[in-house]
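The values are calculated or read from the model by the stated rules, or taken from the named source; none is laboratory data. It should be emphasised that the depicted structure is a prediction, and the values quoted were computed from it without experimental measurement. Counting neighbours? That spans all protein chains shown, and the Cβs are built from the backbone with ideal geometry, glycine included.
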Amino acid sequence: MLIDCHTHIWDVNKHLGQEVISDFIRVWGGSPKSLRATPEIHEEAMSKVDKAIVLAFKSLFLKINVPNEYVAKYVNKFPEKLIGFCCIDPNQHDAPSELKKCVQDLHMRGLKISPVYQNFDPNSDKAIKLFDLAQELKIPVLIHQATTFIRRAPLKHAYPSLLDNIAANFSDLKIILAHLGHPWEDEAIVLVRKHPNVYADISALTSRPFRLYHKLMSCIEYGIADKILFGSDFPFSTPEKAINDLLKLNEIVKKTSLPKIPTSIIKNIIYENSVKLFGKL
């Protein structure tokens, strides 16, 4: 079974805000058209996957708001295929009640948060309340504990090691580190090895073959390759492209004495690992 565990939908102009668009163009070039991720475009891109997690996105600090209702409406059209994760900003006064509403009324099945985008300390009291409630509701939490191209987003909140105490104190809470904690992948890897309840996805890394090869070799050496999950980070990539990038990853060491990543491990990342974690959601 193929599960894409990291995808987005949004209306670029309504939901992302000019700051995000401007910084995207400044860093990546191109135009806002390359950010387009309407439900219709998403549906077409996900045509070859069995299931996909669709993420809402909210940041009071950066004025980003892909509403939970917007994602839930789309996901509920295809309940056998799509899995909605709400996004709650811990800085909003009604954060806990909003999370309950999303799970109980909107039937969303996970939580997405991002200290770097939402500008909060993951060990703060307001964050702890959400972790505690997510554990009580028995839903997984996907955390963007990684870098960003947005200029004002504070990197001091981005380091994967900041989640060490959270993972230890909420041992029944399934935590997924987005983007393998890029560019602090080594911190993410030791965190995944240390805590049985912590996983990581490789979204946004499949287009960086040199980096991904080295980090997957580290995952193998640390014995955590079975906790690495497939994600495309749509619309920044597609499942088809991300899979092709993974399947040809060993080309980077062709004609060298460096070891190849076993094909079985690559195929497990694509088809097996996410099923063990998300198959029953």
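Here's a check for you: in segment 147-158, which residue that is without any contact (Cβ under 8 Å) to a residue 60 or more places away in the chain and in a loop (DSSP other than H, G, I, E, B) is surrounded by the fewest Cβ atoms within 10 Å (Cβ to Cβ)?
Quick first cut of segment 147-158, residues without any contact (Cβ under 8 Å) to a residue 60 or more places away in the chain only: 147-148, 154-158.
Next cut, in a loop (DSSP other than H, G, I, E, B) only: 147-148, 154, 158.
Details: THR147: 17, THR148: 20, PRO154: 15, ALA158: 22.
Applying the filter and picking the extreme gives PRO154.
Only residues in segment 101-112 that are farther than 15 Å from GLU136 by Cβ and assigned to a strand (DSSP E or B) count as the first member; pair them with residues that are among the charged types (D, E, K, R) and at pLDDT 95 or above, Cβ under 9 angstrom, at least 6 apart or cross-chain, and list the lot.
Matching pairs, first to second residue: LYS112/LYS58.
Would it be correct to say that VAL49 is within 16 Å of SER274 (Cβ to Cβ), in contact (Cβ under 8 Å) with a residue 12 or more places away in the chain, within 18 Å of the chain's Cα centre (by Cα) and not in a strand (DSSP E or B)?
On the way: within 16 Å of SER274 (Cβ to Cβ): yes; in contact (Cβ under 8 Å) with a residue 12 or more places away in the chain: yes; within 18 Å of the chain's Cα centre (by Cα): yes; not in a strand (DSSP E or B): yes.
It is true that VAL49 is within 16 Å of SER274 (Cβ to Cβ), in contact (Cβ under 8 Å) with a residue 12 or more places away in the chain, within 18 Å of the chain's Cα centre (by Cα) and not in a strand (DSSP E or B).
Provide a single number: the residues in segment 208-237 that are outside any loop (DSSP other than H, G, I, E, B), out of contact with any Phe, Trp or Tyr (no Cβ under 7 Å at 6 or more places or on another chain) and not acidic (Asp, Glu).
To start, the set of residues in segment 208-237 that are outside any loop (DSSP other than H, G, I, E, B) comprises 209-221, 225-229, 234.
Imposing the further condition that a residue be out of contact with any Phe, Trp or Tyr (no Cβ under 7 Å at 6 or more places or on another chain) reduces the set to 209-221, 225-226, 228, 234.
Retained after the next criterion (residues that are not acidic (Asp, Glu)): 209-220, 225, 228, 234.
Adding up the residues that qualify gives 15.
Under 6 Å by Cβ, and 6 or more places apart or on different chains, what pairs join a residue from segment 178-206 that is among the β-branched types (Val, Ile, Thr) with one that is assigned to a loop (DSSP other than H, G, I, E, B) and at pLDDT 95 or above?
Close Cβ pairs satisfying both conditions: ILE189/TYR222; VAL192/ILE224.
Residue check: is ASN123 surrounded by fewer than 23 Cβ atoms within 10 Å (Cβ to Cβ), assigned to a loop (DSSP other than H, G, I, E, B) and at pLDDT 95 or above?
Working: surrounded by fewer than 23 Cβ atoms within 10 Å (Cβ to Cβ): yes; assigned to a loop (DSSP other than H, G, I, E, B): yes; at pLDDT 95 or above: yes.
So ASN123 fits the description; yes.
Examine segment 67-90 for a residue that is touching a Cys at 6+ places or on another chain (Cβ under 6 Å) and farther than 17 Å from PRO140 by Cα, and state whether such a residue exists. Steps first, please.
Residues of segment 67-90 that are touching a Cys at 6+ places or on another chain (Cβ under 6 Å), as a first pass: 68, 86.
Imposing the further condition that a residue be farther than 17 Å from PRO140 by Cα reduces the set to none.
No, segment 67-90 contains no residue that is touching a Cys at 6+ places or on another chain (Cβ under 6 Å) and farther than 17 Å from PRO140 by Cα.
Can you tell me which residue in segment 242-265 is farthest from ALA45 (Cα to Cα), limited to those that are without any contact (Cβ under 8 Å) to a residue 24 or more places away in the chain and β-branched (Val, Ile, Thr)?
Within segment 242-265, the match that is farthest from ALA45 (Cα to Cα) is THR256.
Scan segment 159-207 for residues that are assigned to a loop (DSSP other than H, G, I, E, B) and among the polar types (S, T, N, Q) and jot them down.
Going residue by residue through segment 159-207, those that are assigned to a loop (DSSP other than H, G, I, E, B) are 159, 170-174, 182-184, 195-197, 202-207.
Passing the criteria: SER171, ASN197, SER203, THR206, SER207.
Which of the numbered conditions does LYS227 fail, given that it passes all the others? Conditions: (1) over 15 Å from TYR213 (Cβ atoms); (2) touching an Asp or Glu at 6+ places or on another chain (Cβ under 9 Å); (3) not hydroxyl-bearing (Ser, Thr, Tyr).
Unmet for LYS227, out of (1) over 15 Å from TYR213 (Cβ atoms); (2) touching an Asp or Glu at 6+ places or on another chain (Cβ under 9 Å); (3) not hydroxyl-bearing (Ser, Thr, Tyr): (2).
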